[in-house]
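The values are calculated or read from the model by the stated rules, or taken from the named source; none is laboratory data. Just so we're clear, the structure is a prediction, and the values are computed from it rather than from any experiment. For neighbour counting, all protein chains shown are included, and Cβ atoms are generated from backbone atoms with ideal geometry for every residue, glycine included. Side chains included, ligands, DNA and RNA excluded: accessible areas come from the protein's heavy atoms. Shrake-Rupley method; radii C 1.70, N 1.55, O 1.52, S 1.80 Å.
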Amino acid sequence: MDISNNDLTSSPAGSSARRKSGRVVKAPAPFISAAPSSSKRKRPVEEVESSASDIEGEVAGRLESSVESAGEEEIKKARRKAKVVKKPTAKKTKVNGTASHKSPPPMRLASRLKKAKKVLIADKGAEGLYAEIYNSGHHVNDIVAQFLGDYSQGGPAAITELVNMVIKSAGCDIRVTEDDVNDVDNVESKLGELQDEFQSQNITDYPLVSKAKSSLDFRNALVDFFTSLINTMDQTEIMYNEEVLIENIHIWFVTMSSSNSRPFRHTATLVNLTMTSAICVLASRELEKAAKIRQQLESEKKKGRNKARMLQFQTNIQNSENKYEFLLEKIKDNFDTVYVHRYRDVDPKIRHECVRSLGTWIQTLPDHFSGGAYLRYMGWMLSDTNPPMREEVVEQLRVIMDEEKNHGKMITFIERFRPRIIEIATRDAEPRVRSAAVELCESIRQAGMLEPDDIDVIGKLIYDSEPAVRKAVVKFFIAGVNEAYDLKLEELGGDDELEILKVAEDDTDSPRREWIKLKALAEVLSSYDTEDRADMPSQITKSADHEFLNVRSSESRFTLAAQSLYEELPEIRNWDVLASYVLYDHSTKPSRNTTLRTIKAAFKPADQEEIILLEMLNAVVKMGLEHLENPEKNKKRSAREVQSEDRETAARRLAELIPKLLKKFGASPQTSTVVLRLEHVLNLGVFQELRQDSTAYAKLLDEISNQFTTHADRGVLTEAGAALLHARSFEDLEEVTENKVQSLWEDTTNTLQQINKAGELSSRGSFGEAALLELSHNLARLDKLASISNCVEPLDANVDGATFTPIQILVDVVARGLLEEDDGPLDTLEDEVVMTAIRTSMFYFMWIVQTWKTMMAEGKVIQNGDIDKINELQDLFANNLIATLSSRGTNDPVRLFSTGTLLDLHILFATLRDNKQRSKAKNGVAPSHTEQSEHLQRIIKEVPDEVQPELTSIFELAEKHFARISKKTLVSPGDDEDPEDEDPEDEDEQSDDDEDDANATDSERKSEILKAEQQLCDLTGKLVLAILAKVIDASGSHKGKLRTRLQRNKIRLGPNLKEIVSHLDEPKLKAKRSHKTKAQQSTDEAKNSFKSKKIVEDDDPFADDEPEDGTVEDLWRRELLDDDPPADSHEDDSIVRSPEADDDDIMGD
């Protein structure tokens, strides 16, 4: 392409033959193909530069008429700066098509102005400046240039267009006139009229808060326009020469920002804050410009030669300072008239705009806004009621504190508002706000502005219950650990003294430097754990604090802390090093090397620290194995194979590690529980695949069984039981594990037989403390075994001709629950023995019913002798439960547990009702094993009629206790209900509750309320199930009374109880879904209407009465129910149910 005539160096104003826009008129050059292989045409650099110059010329042309000579000079300066240095032109291709030996360098297009996005606006017919900004697609600089050009030709008209644009951006279609703009004194009244007219339309949504996808583009377009407007006014000197424009804009938009209309106020506030931010940028530039010129002046003074040049420098400095003073005056004016009033606006969105803008101003112009007169607004807004607002304030402060140059200016502010920042980090209701405050505290700590007590308070958040807060505090916490580590290094003599700890990478058993870091970590975690936690309500407390909720989880506060630290602390990611540190025998002392003896004493962990390290080991092993179990999909096949080998290696190492840990820490129940949890994450499939390598697994299984037999702690038994269940889940290991479980059964049942020979188990108080403790431990093991394996065969076994089987002994132990007189200090232990025996016996009956259901499903016959034996055991067990609950006057744990178990027992056997076979017999299919079914029905019994009042009284006591401590009012008995007897013990209990409530803390009071509600809901749920199973309140003189009693206060005692009792409501009949179209249904209704009219006309006195609309008979007559019509009966049930419905109502198992 021939581009020799294109002169880019000439000025667009030098020739009259050129257009006003600056474009050069030239003849089109012919196109010459560069090479046959080229598929795309690339514009040469000169042509691109010409296009860029043309665009600049167009923008400049629009401003020439308004800015005259001053504007021309500025545009020329801008154009000279924007000129691109010409690159040497590439070697031209030959005309004959042959390419040159050297290929030309690739050409790149010059950067061009991006085309603005169009914003989808509701009013597509909008015109003027509004349409130009939001819907034209023109660049914002072009729109601003056009606006300033219109202003130079007719000032008031352009200002009117600008004001109308902002008003329409607020969602208002009402416009102001040019006369309104000229009448400056009437701005407030005119905007008041617009506001009243706009509010009369009841428009609540406006563009800035719209949820439409284009709302963000709308806001950006508005902000970009006013930012460009301020910048262009500065470049063209209009801001300094045409103060009328800036004053008119200020008057209108400041007045709008104080409007009672939220759309007006929000939009005008955003406009004012945007212009202030742009002016702050200009002021910052003038400061930098003056500083640079002042440096040049000082340099020129040292030379002392060119006085004219020095005079020019002084003039330029004075000009920049004058501009800075002018801009600063505008900033102060906007701050005093807009920000001071809007930062406390009722709308949190407007307050959010203010705090974000103030943060921007402080960063842009720190010399002016870093003073206390402005920073105090940040401090005041830390107490804002809106969580996003508090989060934004904290975030802005963090950004400011991240700049080291701002630390000196923030000392006074941090000193004043540090307590509030700490309070937000520890006690704010929103986790996101707390996380942001923690990050701010980290920045303040790096600046050295946190007190030691504050550091400890924030560091304790590593135990926080919110994962986001724990994640945010990790860096802060690790900084504290590093400080403790550095202090230990100084005490040991520095790095030179630790050269003795250098070991090979694969040697994990010898002492190493990382152990000192682990010791420091354990010390910090232990110190935070032992300190008072009363002032940290959001922290994760120990499981003992939650016993009333029966929360048992493998996650402790230490494991959760380790999970948060896993990615950021490399010393704990390698769990081999952590395990070797825990297993190391710290009691051995080297006899000669004093330095090594001192170092070993420095990293020796305390007992509490060992527990913490074990908890952390549990967490990091779990996370490490999870990473290996979930390989990345994008890894190559070879990498995945290597990762598979790593998983197998890790599983073998862990299988070898657990027995070692149990050997060292198995004596303590607390440490044993933690170690046993490691088996849950062990991939036993490795041993399943490599059957020849069973030594490690057998050793592991022996250690788990040993822990089960040597401990009676429920935590240890629970974890050991879970480990055995985990092992049984693998098919090839099931047989080995089952043999070990059977061995445990034999040991525990033999021990029970031996204890039975030592005294009378059915009599309370017959054993001393030692014998009773042994019985308690043995029953705890039986209870756990019965929960993880079928206990029917072991408990029915009669070993060595014993008089009683283990299940008979257990039922006799339940009789110890009969309380005749207080037994002093042994009462608690006696009650624990009784409750464990009740629970184990109930497991036995549950396994029996499960076995029978399986046999019935397979068509097998249940022997009548087995049914009779279970029937006798059931009666004996139920009688002992009734005796236990009847002998106690208050709702102690044993009474409530016995009551619930009695109901569970009857519900459990009620699930054996043969509804399915009755349904088949009704359809003409003969049921199998009819005689067996009739014999089996004898075991399904109702709660004795004389026991029901006792159960009702227990429910009433629980109800009154919950109502009393939760300050709720109960409904008085109805006229058709029995009056409640006034019990003098209730008054004593109420006085005790009032006294305890007065002395209790808020946390204790809440826990007592939760405990009482749980007891009430537990008991009510079992009563509801029993009623639905028709084992209580179904016959006799008390029929229906318990149902009515349960429903009396269901709306007074909270939503939980209401939901439970709502299951007693009569079920709604389900109509058959019609498959006809609406047209067919309307036709059928018309036919039915016609038939009904005909029947009325031909009334037959001997015809059957038509059923009432909506009744069961009517629904069956219209074939809207699936079941057969009800037979005539004199039963009391008001609603006839299908057999399937009855079967669904029987709940249990």
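Laid out as a table, the results:
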read-out: Verdict on L282 being open to solvent by less than 20 Å² (accessible area, probe 1.4 Å) and free of Cβ contacts under 8 Å to residues at least 24 places away in the same chain; value: no
read-out: Members of region 364-417 found to be in contact with a Gly (Cβ under 9 Å, 6 or more places away or on another chain), open to solvent by 50 Å² or more (accessible area, probe 1.4 Å) and of a type outside the set (D, E), listed by number; value: K409, T412, R416
read-out: Residue that is most open to solvent (accessible area, probe 1.4 Å), among those in region 236-251 that are part of a helix (DSSP H, G or I) and over 20 Å from T337 (Cβ atoms); value: N241
read-out: First in region 193-221 and touching a residue at least 12 places away in the same chain (Cβ under 8 Å) and among the small types (G, A, S), second anywhere and surrounded by 11 or more Cβ atoms within 10 Å (Cβ to Cβ) and not in a loop (DSSP other than H, G, I, E, B), Cβ under 6 Å, 6 or more apart; value: A221/I133; A221/Y134
read-out: Single residue of K349, K307 found to be basic (K, R), surrounded by fewer than 18 Cβ atoms within 10 Å (Cβ to Cβ) and touching a residue at least 12 places away in the same chain (Cβ under 8 Å); value: K349
read-out: Qualifying residue in region 785-801 (condition: over 49 Å from the mean Cα position of the chain (by Cα), at pLDDT below 90 and over 19 Å from W745 (Cα atoms)); value: no
read-out: Neighbours by Cβ (under 7 Å, 6+ apart or cross-chain): first from region 365-376, closer than 16 Å to C280 by Cα; second open to solvent by 20 Å² or more (accessible area, probe 1.4 Å) and of a type outside the set (A, V, I, L, M); value: L365/S284; P366/K409; S370/K409
read-out: Scope region 133-150; condition modelled with pLDDT under 85, open to solvent by 30 Å² or more (accessible area, probe 1.4 Å) and assigned to a helix (DSSP H, G or I); matching residues; value: N135
read-out: Residue match in region 886-899 (condition: among the hydrophobic types (A, V, I, L, M, F, W, C), at pLDDT below 90, crowded, with 16+ Cβ neighbours inside 10 Å and assigned to a helix (DSSP H, G or I)); value: no
read-out: Positions within region 698-730 being modelled with pLDDT of 85 or more, open to solvent by 50 Å² or more (accessible area, probe 1.4 Å) and more than 33 Å from the chain's Cα centre (by Cα), in sequence order; value: D702, N706, T709, T710, D713
read-out: Which numbered condition G155 fails, given (1) in contact with a Leu (Cβ under 9 Å, 6 or more places away or on another chain); (2) of a type outside the set (F, W, Y); (3) at pLDDT 85 or above; (4) over 23 Å from A221 (Cβ atoms); value: (3)
read-out: Identity of the residue in region 310-346, β-branched (V, I, T) and within 25 Å of L270 (Cβ to Cβ), that ends up surrounded by the most Cβ atoms within 10 Å (Cβ to Cβ); value: V338
read-out: Residue list for region 131-152, filter: among the charged types (D, E, K, R) and over 18 Å from R219 (Cβ atoms); value: D142, D150
read-out: Some residue of region 758-768 being buried (at least 16 other Cβ atoms within 10 Å of the Cβ) and charged (D, E, K, R); value: yes
read-out: Qualifying residue in region 1060-1067 (condition: of a type outside the set (G, A, S), out of contact with any strand residue (DSSP E or B) (no Cβ under 9 Å at 6 or more places or on another chain), modelled with pLDDT under 75 and part of a loop (DSSP other than H, G, I, E, B)); value: yes
read-out: Selection count where residues are small (G, A, S) and at pLDDT 80 or above, scope region 506-540; value: 4
read-out: Filter result (assigned to a loop (DSSP other than H, G, I, E, B), in contact (Cβ under 8 Å) with a residue 40 or more places away in the chain and over 21 Å from S526 (Cβ atoms)) within region 450-479; value: E466
read-out: Top-ranked residue in region 285-304 [being of a type in the set (G, A, S) and assigned to a helix (DSSP H, G or I); ranked as least open to solvent (accessible area, probe 1.4 Å)]; value: A290
read-out: Residue match in region 438-447 (condition: over 30 Å from V524 (Cα atoms) and either open to solvent by 10 Å² or more (accessible area, probe 1.4 Å) or modelled with pLDDT of 95 or more (or both)); value: no
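Here is a yes/no grid of residues against (1) under 27 Å from Y339 (Cα atoms); (2) assigned to a helix (DSSP H, G or I); (3) within 20 Å of the chain's Cα centre (by Cα):
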position	(1), (2), (3)
T385	yes, no, no
L397	yes, yes, no
R416	yes, yes, no
E442	no, yes, no
